[in-house]
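Report on the structure given below.
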Amino acid sequence: MAERKETESRKLLGRLRDAMASDDPGQERLNKITHLIADSIGTEVCSIYLFRDSETLELCATEGLNAESVHQTRMKLGEGLVGRVASKRHVINTPDAPSQAGFRYMPETGEEIYSSFLGIPVQRLGSALGVLVVQSKDAREFSADEIYALEVVAMVLAEMTELGAFVGEGAAMSALHSQPALLRGTIAQEGVAEGHIWLHEPRVVVTNPVADDPHRELERLSTAVEELRVGVDKMMEMAGDGEQRQVLEAYRMFANSKGWMRRMQEDIGRGLSAEAAVDKEQSIARARMEQVTDNYLRERLSDLDDLSNRLLRILTGQGKDTGAEMPIDPILVASNIGPAELLEYGRALKGIILEKGSVGSHAAIVARALAIPLIVHVDKITTEALNGDHVMVDGEQGLVHLRPDETVVSAFRDKIAMEAEAQQRYASIRDKPAETLCGTTIQLHMNAGLMADLPSLENSGAEGVGLFRTELQFLVRSQMPKRSELSALYTRVLDAAQGKPVVFRTLDIGSDKVLPYMKPNDEPNPALGWRAIRVGLDKPGVMRMQLQALIRAANGRPLTVMFPFVAQYEEYTLARAEMDRTLAREAKLGHVLPETVKIGAMLETPSLGFAPRKFFQEVDFLSIGGNDLKQFFFAADRENERVRKRYDTLNVSFLSFLEQIVERCVETDTPVSFCGEDAGRPVEALCFAAIGLRSLSMRPASVGPIKSLLRRSNLQDVRKVIFDARHRGEMSVRPAIMKYLSENA
Ligand code: PEP
Ligand code: MG
């Protein structure tokens, strides 16, 4: 019995394929298909609805409903039963459609006489493309078997839709991926860019959804799954313990999952090719992923998704390299990307759009270093965008204009031109000091971490590098760099700085920065865990090696080093002692010592702000790591989008705390600087200067705008605005400052 059904299903798919292979125009094909399905399933009605734009479904072909309603009947996503099938991406099967919640009667179709309704989502790689509907007069509920057969058909329809099989004269449908789309995300690096899409991992195209020989397809599937399993086993061998291993364990479990395999085998039995079967199961899993709220389950489904992608690539032979040529103005699109991969692209990229990613990720750090606009959390970008699509990235608003129309293009180009104009203005004050109207000079330095950053030292007008994040060199490699490599690199940094000061921060790993070649620690809360100086002091080997490399690179020039994440006085003393020992050892080995050595600490935990006065006297300088300090001050994870923006940097409590730190530094004559991302935001920078900070370190692109604002400002006035707002008991001084700025522009 089951076999007979399988044969019928295969027969239908075979007829569908023949219809597809004909030279008929797209509309003709659609009409034929609805006829074939209605005939095969034995219903009076079969209709195909496809997305006209991301929100609207359109009746594109029908057997049984009024022919005049084709391309006339439309519904919004979620509207009526058809709209609900598309939005929820699940089947609706009812013998009595009018009694269903959400039912909407479309009089022009003449569907009132049909009682039973079966709607199946047409989806591919997790995105809904349309809905396949069958209806009949008699009040019947469709069997599980009929549903299954139509799901297989829907899969074939999806692949064909994706291939553009229904586009053309008379079809009144434009090809997929041809409409303008506006997508929103979170800004991880500001800036605007125009270019063309370059997919980091190109979409797999399935050109043969229907197959005649199920035995051959089953064999192809099992060979591919075997290859997949071997691949996962190999990864397991290379992985250490901890989280990565856990993920791979889950992969292995899925790769060996009988249920997954059985479903795909059944799909093949019904006439799908092996790749279409994988795609079908992946789409169903993705739809489920969107429904489940349990984090653990979501993660497992996402593992399965990744595994399905691998399997699709094995089956289609479509690796990462498709032979496509990268556009000259590439805007990179990826689900996520690691720092090393991003660095390989380097400055060739004009912009980056990630479906996942996070503001504080390594990729974001690299994008920032390369000054490439980056938007993260852009839902559906990897399925919407195609290689070569025209795109505009608005890193000021967090918007992606995909395939923009003329009005958007011209407005956006105006914006780019204005930005360029502003940059020119900044260039004209590049060699001037950041001196305020009241005669105070603020030193503006830049943050860096890559050799690629160094040219900005000249272009931006920064007076030096206030924070060189040395961990980037460790993060982008697959193995621990050697001392000689590091020393050569630091030498190049100091050479490129041409005498301008560079503050090297020793390795800040742990928390979100996990070295790929170091055993990951299974910590319940890594941001509060074994990180930065804590690792350096407990396992001093790497820190010692790094200090040696720095001393050798200085080679008689001044050297400035700071230790990250110092939470108490003693940690600084111990680290400094390590430096002293290293200096003595280097001298003994005959190396030239630096002309001067300055050793500072990063103030990134509130505790250090309350350290004994002696600490302030002893430390050569302090640098406030505002990113971490703020997250610990407010107990709000800097990586957590939900809480990150909840607390304003210009919150009175935080600003008062910063002011206290500055006062303690003034009292003890300790140089202090601020190097978190907030230093690169003009309004924040202005307030920092007003509360007494005289040195700020920021991303290079911020130096110009901040210098320009400072040169137009009177810090006494700003200070008064802050004090008054505080006096009035306001939560944040921002509204008062914004008002002041708008009145004094
Ligand atoms: C900071 O915490 O503000 C800082 C500059 O360090 P990072 O962002 O690298 O943690
Ligand atoms: Mg930090």
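Being open to solvent by 70 Å² or more (accessible area, probe 1.4 Å), more than 16 Å from ligand 1 (Cβ to nearest atom) and at pLDDT 95 or above is the filter here; which residues of segment 613-642 pass it? Selection gives Arg613, Lys614, Gln617. Would you check which residues across segment 561-578 are closer than 20 Å to Leu629 by Cα and either free of Cβ contacts under 8 Å to residues at least 24 places away in the same chain or outside any loop (DSSP other than H, G, I, E, B) (or both) and list them? Scanning segment 561-578 gives Val561, Met562, Phe563, Pro564, Phe565, Val566, Tyr569, Glu570, Glu571, Tyr572. Taking the conditions exactly as written (touching a residue at least 12 places away in the same chain (Cβ under 8 Å) and open to solvent by 50 Å² or more (accessible area, probe 1.4 Å)), does Glu162 satisfy them or not? Answer is no for this residue. Do we find a residue being farther than 24 Å from Leu444 by Cβ, within 16 Å of ligand 2 (Cβ to nearest atom) and either out of contact with any His (no Cβ under 9 Å at 6 or more places or on another chain) or without any contact (Cβ under 8 Å) to a residue 60 or more places away in the chain (or both) anywhere in segment 469-481? Yes, some residue in segment 469-481 is farther than 24 Å from Leu444 by Cβ, within 16 Å of ligand 2 (Cβ to nearest atom) and either out of contact with any His (no Cβ under 9 Å at 6 or more places or on another chain) or without any contact (Cβ under 8 Å) to a residue 60 or more places away in the chain (or both).
May I ask you to say which residue of Ala497, Ala549, Ala554 is closer than 30 Å to Val359 by Cβ and either open to solvent by 70 Å² or more (accessible area, probe 1.4 Å) or among the small types (Gly, Ala, Ser) (or both)? Steps first, please.
Values: Ala549 fails: closer than 30 Å to Val359 by Cβ; Ala554 fails: closer than 30 Å to Val359 by Cβ.
After applying the criteria, what remains is Ala497.
Condition check ((1) on the phi > 0 side of the Ramachandran plot; (2) within 16 Å of ligand 1 (Cβ to nearest atom); (3) without any contact (Cβ under 8 Å) to a residue 60 or more places away in the chain; (4) open to solvent by 50 Å² or more (accessible area, probe 1.4 Å)) across all residues:
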{"position": "Arg505", "(1), (2), (3), (4)": "no, yes, no, no"}
{"position": "Val514", "(1), (2), (3), (4)": "no, yes, yes, yes"}
{"position": "Asp538", "(1), (2), (3), (4)": "no, no, yes, yes"}
{"position": "Val542", "(1), (2), (3), (4)": "no, no, no, no"}
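Here's a check for you: in segment 579-610, which residue that is part of a helix (DSSP H, G or I) and open to solvent by less than 10 Å² (accessible area, probe 1.4 Å) is farthest from ligand 1 (Cβ to nearest atom)?
Top of the filtered list is Glu586.
Taking first residues from segment 650-672 that are of a type in the set (Gly, Ala, Ser) and partners that are in a helix (DSSP H, G or I), the Cβ contacts under 9 Å between residues at least 6 apart in sequence or on separate chains come to Ser653/Phe633; Ser656/Arg726. Tell me whether segment 730-744 contains one or more residues that are small (Gly, Ala, Ser), under 22 Å from Gly439 (Cβ atoms) and surrounded by fewer than 20 Cβ atoms within 10 Å (Cβ to Cβ). No. Note on segment 334-366: among residues that are acidic (Asp, Glu) and in contact with a strand residue (DSSP E or B) (Cβ under 9 Å, 6 or more places away or on another chain), the one that is least open to solvent (accessible area, probe 1.4 Å) is Glu355. Ala369 fulfils the conditions (1) assigned by TED's automatic domain parsing to the domain that holds His196; (2) open to solvent by 20 Å² or more (accessible area, probe 1.4 Å) except for a single criterion, (2). Residues in segment 611-637 that are within 16 Å of ligand 2 (Cβ to nearest atom) and either in a helix (DSSP H, G or I) or of a type in the set (D, E, K, R) (or both): Gly626, Asn627, Asp628, Leu629, Lys630, Gln631, Phe632, Phe633, Asp637.
Annotation: of all residues in segment 516-547 being within 16 Å of ligand 2 (Cβ to nearest atom) and assigned to a loop (DSSP other than H, G, I, E, B), the one that is farthest from Glu578 (Cα to Cα) is Asn525.
The values are calculated or read from the model by the stated rules, or taken from the named source; none is laboratory data. Small disclaimer: the values here were computed from a predicted structure and weren't measured. When we count neighbours, we look across all protein chains shown, and the Cβ atoms used for this are built from the backbone with ideal geometry, even at glycine. Just the protein is used for accessible areas: all its heavy atoms, side chains included, with ligands, DNA and RNA removed. Shrake-Rupley method; radii C 1.70, N 1.55, O 1.52, S 1.80 Å.
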